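Right, one structure below, let's go through it.
The values are calculated or read from the model by the stated rules, or taken from the named source; none is laboratory data. All values reported here derive from a predicted model rather than from experimental measurement. Here the Cβ is made from the backbone with ideal geometry for all residues, glycine too, and neighbour counts use every protein chain on show.
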Amino acid sequence: MYTIYTLTIAAIKMLVRNRQALFFTLLMPLFIMFLLGYIGFDKPQVIDVGIATSTPSAAAAQFIGQIETFPTFTIHHGALKDELAALGEGNRAAVLSVEGNAIVAYTNASKPEAQSVVAILNQFDSSATLARARIAPVVAITTHEVNAHNLRYIDFLIPGLIAFSIMQMSVFSVAFVFTQYKEKGVLKRLLATPMKPFQFVAANAITRLIVSVVQAAIFIVAGLLIFNVHVVGSYLWLALCVVLGSLMFLGLGFTISGLAKTTDSVPVFANLTVFPMMFLGGTFFAISTMPQWLQVVAKFLPLTYFSTAVREVMTKGSGFGVIWPDLLGMLVWTVILITLATYTFRFQERESA
């Protein structure tokens with residue numbers, strides 16, 4: 001046990017001194033979080049509307065004034081010729097030509113939001129007509145605001161990035177390090193020492209598990225301080241998901257290190273498995289937005305189980321009763337990948353001996 005402890009401390013020191021590894025393990029995922037978080041994919045859509053006025057009547061001017069207050073519209077004033085030119089170039093969803101009491105709407109047929117502009121204009125016109133005629137509405141509509149949990153894009157993104165960064169670290173760091181050890185004959189020399197091979201492997205695995213927990217903590221703290229993201233659920237369940245997910249991808253990393261004969265072949269094996277999961281594992285986009293046939297494939301990927309479990313705990317406060325299918329999926333993949341790693345890695349190790 002003391003040997004594993006000593007080797008773990010040594011592995012942690014080696015990882016801390018490796019600046020490139022620290023950059024891609026900690027800083028690169030944070031940079032992606034900041035970039036996508038500040039872009040704000042969930043911001044309300046802004047619709048560009050051009051207005052060209054020529055001696056409008058008082059009623060038309062009042063109507064245009066109401067249109068300008070609509071928060072979704074970005075209003076551009078200019079000559080009709082210039083605004084129509086901008087419409088033809090795709091820079092406007094609609095152009096309103098106001099002359100006297102008449103308003104002519106020119107819409108961009110290629111922009112779906114153009115129909116929204118027409119619908120809003122008709123709604124404003126109907127409301128103004130009813131108000132001027134002093135006609136009571138047919139039905140009375142009363143609205144009540146309900147405090148619902150609004151999931152922002154950054155709330156969706158951070159759990160996915162936690163799972164993605166842990167996958168990257170677990171797979172690439174293990175695959176490259178152990179393949180390099182095989183190339184340099186380190187593993188062969190270790191067999192001649194009193195230290196048992198499983199102690200060396202266990203120390204490196206424990207090191208990556210510790211780094212995984214640190215990665216998740218950094219993401220959570222950064223999300224809290226910068227984007228006001230909170231963990232709704234239990235930190236214990238979150239830690240369990242992180243550790244289990246890290247174990248799962250460590251199995252994949254050791255499997256790749258066993259299959260790869262040289263460090264040059266590591267990216268080939270790693271990217272074949274990691275790259276598809278980056279887009280299909282629910283990291284950046286919801287799986288529900290994919291085609292139905294692709295959802296069937298995506299929901300069984302290891303990263304999908306991992307990111308879904310972390311997201312359920314962080315954003316909804318879910319416990320075992322909700323996330324048990326994802327935990328079971330991760331557990332099954334962990335057993336499969338560690339079994340493969342045991343076979344492939346031991347085979348290569350014996351061959352090098």
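Do any residues in the range 339-352 that are assigned by TED's automatic domain parsing to the domain that holds Lys188 and at pLDDT below 55 have Cβ atoms under 8 Å from those of residues that are surrounded by 15 or more Cβ atoms within 10 Å (Cβ to Cβ) and polar (S, T, N, Q), where the two are at least six apart or on different chains, and which pairs are they?
As it stands, the answer is Gln348/Ser257, since those pairs meet every condition given.
Cβ-Cβ under 8 Å, sequence separation 6+ or interchain: first residue in the range 243-272 and over 17 Å from Arg208 (Cα atoms), partner outside any helix (DSSP H, G or I). Which pairs?
Once the first residue is over 17 Å from Arg208 (Cα atoms) and sits in the range 243-272, its partners that are outside any helix (DSSP H, G or I) give Val266/Ala260; Val268/Ala260; Phe269/Ala260.
If we keep just the residues of the range 45-61 that are over 18 Å from Val118 (Cβ atoms) and of a type in the set (A, V, I, L, M), which is surrounded by the fewest Cβ atoms within 10 Å (Cβ to Cβ)?
Step by step, filter the range 45-61, then rank; the result is Ala58.
On the basis of being more than 17 Å from Phe254 (Cβ to Cβ), of a type in the set (Ser, Thr, Tyr) and touching a residue at least 24 places away in the same chain (Cβ under 8 Å), does Ser170 make the cut?
no
Are any residues in the range 178-200 touching a residue at least 60 places away in the same chain (Cβ under 8 Å) and of a type outside the set (D, E, K, R), and if so, which ones?
Across the range 178-200, the qualifying residues are Phe178, Thr179, Gln180, Gly185, Leu187, Leu191, Met195, Pro197, Gln199, Phe200.
I'm checking my understanding of the structure. Among residues of the range 288-307 that are of a type in the set (A, V, I, L, M) and under 20 Å from Leu244 (Cβ atoms), which one is surrounded by the most Cβ atoms within 10 Å (Cβ to Cβ)?
For the range 288-307, the residue satisfying everything is Leu303.
Do we have any residue at all in the range 191-198 that's of a type in the set (D, E, K, R) and either in a helix (DSSP H, G or I) or within 26 Å of the chain's Cα centre (by Cα) (or both)?
Looking through the range 191-198, none of the residues is of a type in the set (D, E, K, R) and either in a helix (DSSP H, G or I) or within 26 Å of the chain's Cα centre (by Cα) (or both).
Starting from the range 273-294, keep only residues that are touching a residue at least 24 places away in the same chain (Cβ under 8 Å), then list their pairs with residues that are of a type in the set (A, V, I, L, M, F, W, C) and assigned to a helix (DSSP H, G or I) whose Cβ atoms are within a distance under 6 Å, requiring at least 6 positions of separation or different chains.
Val274/Val171; Met277/Leu303; Leu280/Ala298; Gly281/Leu303; Thr283/Phe164
Any idea which of Gly282, Gly253 is under 17 Å from the mean Cα position of the chain (by Cα) and surrounded by 24 or more Cβ atoms within 10 Å (Cβ to Cβ)?
Result: Gly282 is the single residue among Gly282, Gly253 that is under 17 Å from the mean Cα position of the chain (by Cα) and surrounded by 24 or more Cβ atoms within 10 Å (Cβ to Cβ).
Condition (residue is in the same structural domain as Gly160 (by TED's automatic domain parsing), surrounded by fewer than 22 Cβ atoms within 10 Å (Cβ to Cβ), in contact with a Gly (Cβ under 9 Å, 6 or more places away or on another chain) and closer than 30 Å to Lys196 by Cβ) applied to the range 310-329: is it met by at least one residue?
no
Looking only at residues in the range 207-242 that are assigned to a helix (DSSP H, G or I), in contact with a Leu (Cβ under 9 Å, 6 or more places away or on another chain) and among the β-branched types (Val, Ile, Thr), which one is nearest to Lys316 (Cα to Cα)?
Ile220
Quick check on my filter: what residues within the range 62-117 are surrounded by fewer than 17 Cβ atoms within 10 Å (Cβ to Cβ), in contact with a Ser or Thr (Cβ under 6 Å, 6 or more places away or on another chain) and of a type in the set (Gly, Ala, Ser)?
Passing the criteria: only Gly100.
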